Amino acid sequence: MIGKLDDYMRFNEAALSLRSQRQQVLASNIANADTPNYKARDIDFASALQGVMARSAPAAGVMAATSASHIGGAGKTGDMLPDGTALKYRGVVQGAVDGNTVDMDVERNQFADNALRYEAGITMINHQIRGILAAIQGGQ
């Protein structure tokens with residue numbers, strides 16, 4: 001029963017976790033807007049979510065790697081989020097003399113969009129939980 005509940009909520013939980021990590025990356029970009037030679041980073045949310053979902057439901061008989069130090073899990077940790085999602089460099093919109101690629105307009109828009117989508121994800125999980133409670137309580 002618990003396994004089915006986990007499966008039911010897995011997508012929204014993974015999306016919220018990924019949105020939270022993306023918010024940290026975007027905040028780091030904003031915080032380093034005046035740092036010389038800082039390169040703005042971001043993640044491809046759609047492919048990252050597909051990767052997280054694929055890793056969260058391992059095939060039968062296959063051992064899940066829970067750490068990057070497991071056999072076959074080596075990689076550059078500086079270019080990855082803790083869950084294994086690859087960080088990518090954001091394309092240069094307008095170059096700066098000091099080599100910084102942070103465009104504050106783009107970063108603020110991405111930050112606000114991600115925050116709004118995070119709130120929508122919380123609303124979806126709340127609806128899922130209410131639906132489960134209504135099923136358990138018998139629709140009282």
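No lab work stands behind these numbers, since they all come straight from the coordinates. The model shown is predicted, which means the values in this text are computed figures rather than measured ones.
A few notes on this one:
- Nonlocal amide H pairs with ARG90, under 5 Å, H built at 1.01 Å: ALA40, ARG41, ASP42
- One chain, two ends: ASP34 and ILE125. Fully extended at 0.36 nm per residue, the span grows by 29.0 nm beyond their Cα-Cα distance.
- Residue-wise HN-Hα couplings along the range 18-29, as the Karplus relation 6.51 cos²θ - 1.76 cosθ + 1.60 with θ = phi - 60° gives them from phi, are 5, 4, 4, 5, 5, 4, 5, 5, 5, 5, 5, 4 Hz; Gly and Pro carry x.
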